[in-house]
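What follows is a short report on a single structure.
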Amino acid sequence: MTGKSGYRWVVMGLLFVLYTVANADRANIGFALPYLRKEFAMSNTEAGAIISLFFVGYAALQIPSGFMVKRFGVRAMFTVGMLFTSLFTGLLGMVNSALALKALRLGVGVAEAPVAIACTAAINNWFPAKEKGTASGIFLAGSKVGPLIVPPLCAWIISVWGWREIFYFFMVPGMLLAIAWFLLVSNKPADSKFVSAAEAEYIAGEEAAAAVKFVKGPKREYKLWWLDKIVRARKVEPIVSSEQVFKSWDIFGAAFGYFFMVGIVSVLMSWLPTYLVTVKQFAIMKTALVSAAPFAGTVVGNFVGGWVSDNLLNKRRKPMMMVTALSTTIMMYSLINAPADANLLALLLFVTGFLLALGYSAFMAYPMGRTNKETYPVAFSVVNTGGQLGGAGAPLFVGMILDWFSWDAVFLSLALGSLLCLAVVSTIIEPVEDPLERPGSKSHKILA
């Protein structure tokens with residue numbers, strides 16, 4: 001390994017910063033929402049529709065984006081997507097009608113659609129199998145750092161200028177970083193002038209080693225045979241074509257589960273400030289700090305969940321998906337009796353975010369183990385379409401609930417959604433090279 005450059009971690013750092021900015025672009029509308037409702041006289045349902053339009057455009061372009069990334073590569077598609085995302089974000093500050101606001105919000109979603117697919121495809125190309133869970137966790141931590149920094153930053157911008165300046169401010173970093181990506185990142189490590197031959201061989205070598213079919217059971221630290229039973233661990237052939245993707249229940253099951261998880265995140269991102277202002281009666285800066293709490297938890301949770309998946313669970317993704325679904329069910333229900341004290345509420349929301357994020361990155365990493373590299377962009381586009389449809393529907397659904405019922409009904413609905421996620425994810429297969437058998441079983445003796 002002498003001379004191994006480690007440039008893949010520079011790419012990872014750039015991905016982290018870029019996806020932080022991209023998610024800040026989608027999250028800033030949540031903090032501006034109370035001011036937008038006042039200026040354009042919107043009901044809760046209409047406000048929910050404004051938020052949902054981003055996810056409508058985002059979801060509609062996921063599968064086309066998967067094919068475009070497969071055709072044109074991560075370098076070009078990411079750059080184009082990020083430039084237009086930033087442009088539409090800046091234009092939101094110039095709107096003078098609710099119609100223009102809706103059109104541009106839809107535009108942000110359409111423009112950002114290739115960004116997530118290109119980012120995940122880059123991770124799949126640039127990292128060996130044993131590092132993909134960790135890389136996915138770091139990447140998705142960026143998606144939560146964006147919403148983490150948005151509340152205090154937006155509160156400061158509004159107090160100094162106004163809500164329009166929020167969108168002007170967030171436009172600039174994305175444009176600059178898109179240019180940096182184009183200049184610094186190639187489609188594959190072997191094509192990059194910054195990557196040494198040793199690092200390129202390391203990445204390719206680890207991938208080859210992961211595909212080796214063992215005749216005898218290898219010695220390893222992972223001994224949780226009972227967990228392999230629960231998660232339905234199986235040795236299966238990888239999906240190698242787009243046709244197989246659209247026939248795979250494992251991919252669609254992951255998409256249905258992701259539907260509920262992204263829906264919950266989009267509600268926290270978009271409606272939490274309104275809840276804190278209208279129900280808890282918090283001032284703007286206290287609202288900003290408490291709104292950031294769940295996303296501080298998700299940053300930590302994504303790091304921990306990715307590391308556990310790679311290092312303790314031997315690249316198994318489904319266990320953390322199930323842990324997140326079950327624990328989020330409990331935490332959503334607990335918010336029905338949320339404390340009035342800001343510090344206690346912030347702590348509760350931090351824990352909620354942490355548990356929600358433990359398995360969140362696993363939904364992205366799961367198709368990496370189920371497909372080959374060439375087919376992965378299409379497979380993840382299907383999974384992400386499911387997620388973004390949840391992101392589109394949940395804010396609108398919450399607005400409709402609030403026009404007729406209360407926040408208790410909102411949190412109960414989110415708890416039920418997370419429970420459905422657990423039920424669906426339980427049905428998919430955990431793809432592994434060598435699933436463990438119970439010690440003493442017939443198949444275990446054969447392997448031994």
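The values are calculated or read from the model by the stated rules, or taken from the named source; none is laboratory data. Keep in mind it's a predicted model, so treat the numbers as computed, not measured. Cβ: placed from backbone, ideal geometry, glycine included. Neighbour counts: every protein chain shown. Ligands, DNA and RNA are stripped out before the accessible areas are found, and what is left, the full protein with its side chains, is counted by its heavy atoms. Shrake-Rupley method; radii C 1.70, N 1.55, O 1.52, S 1.80 Å.
Condition check ((1) at pLDDT below 80; (2) among the hydroxyl-bearing types (Ser, Thr, Tyr)) across all residues:
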site: PRO34; (1), (2): yes, no
site: ARG37; (1), (2): no, no
site: ASN44; (1), (2): yes, no
site: ILE50; (1), (2): no, no
site: ILE63; (1), (2): no, no
site: VAL74; (1), (2): no, no
site: MET82; (1), (2): no, no
site: THR85; (1), (2): no, yes
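Condition test on MET332, is it open to solvent by less than 30 Å² (accessible area, probe 1.4 Å), out of contact with any Phe, Trp or Tyr (no Cβ under 6 Å at 6 or more places or on another chain) and either outside any strand (DSSP E or B) or of a type outside the set (A, V, I, L, M, F, W, C) (or both)? Explain how you work it out, then say what you get.
Numbers: open to solvent by less than 30 Å² (accessible area, probe 1.4 Å): yes; out of contact with any Phe, Trp or Tyr (no Cβ under 6 Å at 6 or more places or on another chain): no; either outside any strand (DSSP E or B) or of a type outside the set (A, V, I, L, M, F, W, C) (or both): yes.
Considered against the rule, which asks whether it is open to solvent by less than 30 Å² (accessible area, probe 1.4 Å), out of contact with any Phe, Trp or Tyr (no Cβ under 6 Å at 6 or more places or on another chain) and either outside any strand (DSSP E or B) or of a type outside the set (A, V, I, L, M, F, W, C) (or both), MET332 comes out as no.
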Check your understanding: Here are THR89, THR85, THR45: which of them is within 30 Å of ALA190 (Cβ to Cβ), part of a helix (DSSP H, G or I) and among the polar types (S, T, N, Q)?
Key -> THR85
Check your understanding: List the pairs whose first member sits in segment 361-374 and is in contact (Cβ under 8 Å) with a residue 12 or more places away in the chain, whose second member is of a type outside the set (D, E, K, R) and open to solvent by 30 Å² or more (accessible area, probe 1.4 Å), and whose Cβ atoms are under 6 Å apart, counting only residues at least 6 apart or on separate chains?
Key -> THR371/PRO238; ASN372/PRO238; ASN372/VAL240
**Study point:** From VAL351, VAL398, residue being at pLDDT 90 or above, hydrophobic (A, V, I, L, M, F, W, C) and over 30 Å from ASN187 (Cβ atoms)
**Key:** VAL351
**Study point:** Residue that is nearest to the chain's Cα centre (by Cα), among those in segment 113-162 that are farther than 30 Å from MET285 by Cβ and outside any helix (DSSP H, G or I)
**Key:** PHE127
Exercise for review: Could you check LEU447 against (1) over 19 Å from MET320 (Cα atoms); (2) modelled with pLDDT of 90 or more; (3) surrounded by fewer than 19 Cβ atoms within 10 Å (Cβ to Cβ) and say which number it fails?
Suggested key: (2)
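Out of segment 312-328, which residues are part of a loop (DSSP other than H, G, I, E, B) and closer than 9 Å to LEU358 by Cβ?
Narrowing segment 312-328 to residues part of a loop (DSSP other than H, G, I, E, B): 312-317.
Result: no residue meets the conditions.
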**Study point:** Complete set of residues in segment 78-113 that are in contact (Cβ under 8 Å) with a residue 12 or more places away in the chain and polar (S, T, N, Q)
**Key:** THR79, THR85, SER86, THR89, SER97
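Just give me the residues in segment 363-419 being outside any helix (DSSP H, G or I) and crowded, with 19+ Cβ neighbours inside 10 Å, in sequence order.
Initial filter on segment 363-419 (outside any helix (DSSP H, G or I)): 371-375, 405-406.
Those that are outside any helix (DSSP H, G or I) and crowded, with 19+ Cβ neighbours inside 10 Å: THR371, THR375.
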Exercise for review: Considering only residues that are open to solvent by less than 80 Å² (accessible area, probe 1.4 Å) and among the aromatic types (Phe, Trp, Tyr), look in segment 230-261 and name the one that is nearest to PRO367 (Cα to Cα).
Suggested key: PHE252
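Considering each residue of segment 98-147, count those that are of a type in the set (D, E, K, R) and surrounded by fewer than 24 Cβ atoms within 10 Å (Cβ to Cβ), and give that number.
Of all residues in segment 98-147, those of a type in the set (D, E, K, R) come to 102, 105, 112, 130-132, 144.
Right, trim to surrounded by fewer than 24 Cβ atoms within 10 Å (Cβ to Cβ) and you get 102, 130-131.
Counting residues in segment 98-147 that are of a type in the set (D, E, K, R) and surrounded by fewer than 24 Cβ atoms within 10 Å (Cβ to Cβ) gives 3.
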Review point. Just to be sure, is ILE117 in contact (Cβ under 8 Å) with a residue 40 or more places away in the chain and under 19 Å from VAL69 (Cα atoms)?
Key: yes
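Name the residues in segment 148-182 that are of a type in the set (Phe, Trp, Tyr) and surrounded by 14 or more Cβ atoms within 10 Å (Cβ to Cβ), would you?
Step one: list which residues in segment 148-182 are of a type in the set (Phe, Trp, Tyr), which gives 156, 161, 163, 167-170, 181-182.
Matches in segment 148-182: TRP156, TRP163, PHE167, TYR168, PHE169, PHE170, TRP181, PHE182.
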Point to revise | Hits in segment 339-362 (condition: surrounded by fewer than 17 Cβ atoms within 10 Å (Cβ to Cβ) and touching a Leu at 6+ places or on another chain (Cβ under 9 Å)) | key: PRO339
